[in-house]
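Only one structure is covered here, and it is reproduced in the block below.
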Amino acid sequence: MPNNVIVLGTQWGDEGKGKVADLLTTEASCVVRSQGGNNAGHTLVAGDKKIVVRLVPSGILHPSCQCLIGSGVVVNPDALFGEIEELKAAGITDAEQRIKVSAGCALLLPIHPAIDKGAEKKRGRNAIGTTGRGIGPCYEDKVARRGVRVGDLAYPEILKEKLRSLMDYRNFLLRNFYDEPEVSFDEVYSHLIELAPRLLAMTADISAILADARAKQQKVLFEGAQGTFLDIDYGTYPFVTSSNTVAGGCCTGSGAGPLHMDYVLGIGKAYTTRVGGGPFPTELNDETGEHIRKAGQEFGAVTGRPRRTGWFDAVAMRRAVQINSLSGLALMKLDVLDGMQELKICTAYKLKDGTVTELPPLAAYEYADVEPVYETMPGWSESTFGVTDFAKLPVNAQNYIRRLEELSGVKVAILSTGPERSQTIFFENPFA
Ligand code: GDP
Ligand code: IMO
Ligand code: MG
């Protein structure tokens, strides 16, 4: 019986991971985040309640679910506490007791967003379009081995020394390289000391909790953030985020071994979106793109930025199937395509030198002048919104889904026809 299921994005983020993670949590004892930070925005809809979680794992609406934050996540304590207060206001009063944070998480400090913004300004027209939350600089400090971690809060003197050396270096850069105001060491240090007891009370050994859940044959959901093509190693570098968003990242970031994973569910929209800069071969800079943006309400859950929109890209999806070892796909937002006369699916890329490829290149510059090769299919005029029976979908919608499966090399396990939990068709339950 599959007990450990990974849910991750197969495109450029915002695929609907929150909806699926929330839905599958009915069966899970824990949901664990392994990477990213409050750059994520996962939307949960339960009846008339709509909640966007950023650092908090998407299991929080289920009272018996433990929400775990693994060592691979970068934690901004103020953002975490802010979210806990929002959850309280929405009636989820025990969130703080159910959230457990690894002592190994890198602390995202006020200096990180300052650097993030300075770096984006400096990049000028090559700006990445980050969320401005300081995610990249925080991971930089972690990898450079000068980061401060949640567990350091228990050792004020060690914290002081580490923080001093990190901030000396970062403030030097802020002042001399980015031409931005410095961040006060004293203020950051005293703020950390003030919040330390609250955050330390939430720490736990996440690997041990996961091992225990496994021993008890409880179900665990590993919730990815961002998406495959925002991965630091496999995405459209440098227009990526700073963590491993692919399936392998779920193991390193949570402290669970690869042999413990039973099912990898990729989440992908029936079309494609991207927010921020970088390559997007199937992008539609026309009325059709505008129509999809409106129909899909494609505006960022975190920053409110309009998302770029385009056709479904089977070339990219093939790569996502390969590097994540996808067991199945949750295909989201089919309803958004209702009423379109025809739909295009990208089956190959024609590169600048004329070669045709069925798998995407690696670096952003290799995407220059890529021409998508399309297959066109007829659309449907009927509404698919909220349909819960595959047989009741228009035949053209059924054919579209079947063709996406063939071209991508993965079966659709879950089909989503609306934001609500009930607006879902299950072909396969990853936990069953
Ligand atoms: P995530 O970051 O992957 O969790 O996705 P976001 O929450 O950022 O964006 C997905 C958006 O699509 C949210 O507003 C969801 O409520 C919404 N959504 C999810 N599934 C569907 C669907 O099948 N149809 C429609 N119309 N909206 C959906
Ligand atoms: P969820 O989990 C969509 C994008 C940013 C930018 C790039 C780098 O909701 O799918 P960062 O702030 O991480 O350094 O920005 O990555 N990005 C996302 N795009 N969904 C997300 O999260 C994203 N998190 C980061 O727009 O292009
Ligand atoms: Mg999102």
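The values are calculated or read from the model by the stated rules, or taken from the named source; none is laboratory data. No experiment lies behind these values; they were computed from the predicted model shown. Every residue, glycine as well, gets a Cβ built from its backbone with ideal geometry; the counts of neighbours run over all protein chains shown. Just so you know, the surface numbers come from the protein's heavy atoms only, side chains and all, with ligands and any DNA or RNA stripped out. Shrake-Rupley method; radii C 1.70, N 1.55, O 1.52, S 1.80 Å.
Before moving on, here are some points about what is shown:
- Residue with peak Gaussian network fluctuation, the chain [Cα springs, cutoff 10 Å], from N76, N176, N39: N176
- Qualifying trypsin sites (Lys or Arg not before Pro) in the stretch 287-328, DSSP loop, other Cβ atoms within 10 Å at most 12: none
- Degrees, to the nearest 10: 395-408 long Cα axis against longest axis of the chain: 60 degrees
- Positive-end residue of G296, A28, Q217, charge dipole of the chain with Cβ unit charges: Q217
- Solvent-accessible area, 1.4 Å probe, carbon plus sulfur percent, for the chain: 51 percent
- Whole-Å distance, taken between Cα centres, linking the stretch 51-69 and the stretch 354-432: 28 Å
- Beta bridges by DSSP in the chain, antiparallel share as percent, to the nearest 5: 40 percent
- Order by protection proxy (mean Cβ within 10 Å, highest first), peptides 256-264, 329-337, 404-412, 152-160: 329-337, 404-412, 256-264, 152-160
- Rolling a 1.4 Å probe over the protein heavy atoms gives the chain an accessible area of 41 Å² per residue.
- Acute angle (nearest 10 degrees) that the helix 185-200 long axis makes with the longest principal axis of the chain, alpha-carbon atoms: 70 degrees
- Backbone geometry of the stretch 339-348 corresponds, through the Karplus equation with coefficients 6.51, -1.76 and 1.60 at θ = phi - 60°, to 3J(HN,Hα) couplings of x, 8, 5, 9, 10, 10, 10, 7, 9, 7 Hz, x marking Gly and Pro.
- Over the stretch 1-80, the pair-distance histogram of Cα-Cα distances with 5 Å bins from zero comes to 3, 15, 26, 28, 19, 7, 1, 0 percent, rounded to whole numbers.
- About its Cα centre, the dipole of the stretch 1-87 is roughly 160 debye, where the only charges are +1 on Lys and Arg Cβ and -1 on Asp and Glu Cβ.
- The stretch 348-432 - charge dipole about Cα centre, Lys and Arg +1 at Cβ, Asp and Glu -1, debye rounded to 20: 240 debye
- Per DSSP, loop chymotrypsin sites (Phe, Trp or Tyr not before Pro) in the stretch 273-382 with at most 14 further Cβ within 10 Å: none
- Plainly put, the stretch 125-227 has a radius of gyration that is 1.06 times its Kirkwood radius, both from alpha-carbon atoms, as the Rg/Rh ratio.
- In the stretch 1-155 the Cα-Cα distances spread across 10 Å bins starting at 0 as 11, 38, 34, 15, 2, 0 percent of all pairs.
- The stretch 153-228 and the stretch 254-323 have Cα centres lying 29 Å from one another.
- Relative contact order for the chain: 20 percent, from Cα pairs under 8 Å spaced at least 6 residues apart, divided by residue count.
- Count of Lys pairs (Cα-Cα under 29 Å; at least 8 positions apart or interchain) in the stretch 268-426: 20
- Axis of helix 156-176 versus longest Cα principal axis of the chain: the two differ by about 70°, to the nearest ten degrees.
- Enclosed volume per residue, in Å³, of the convex hull spanned by Cα atoms of the chain: 136 Å³
- Amide H partners (placed H, <5 Å) of M332, local residues excluded: G268, K269, A270, S416
- Computed over the stretch 106-199, relative contact order equals 31 percent, with contacts defined as Cα pairs under 8 Å that lie 6+ residues apart.
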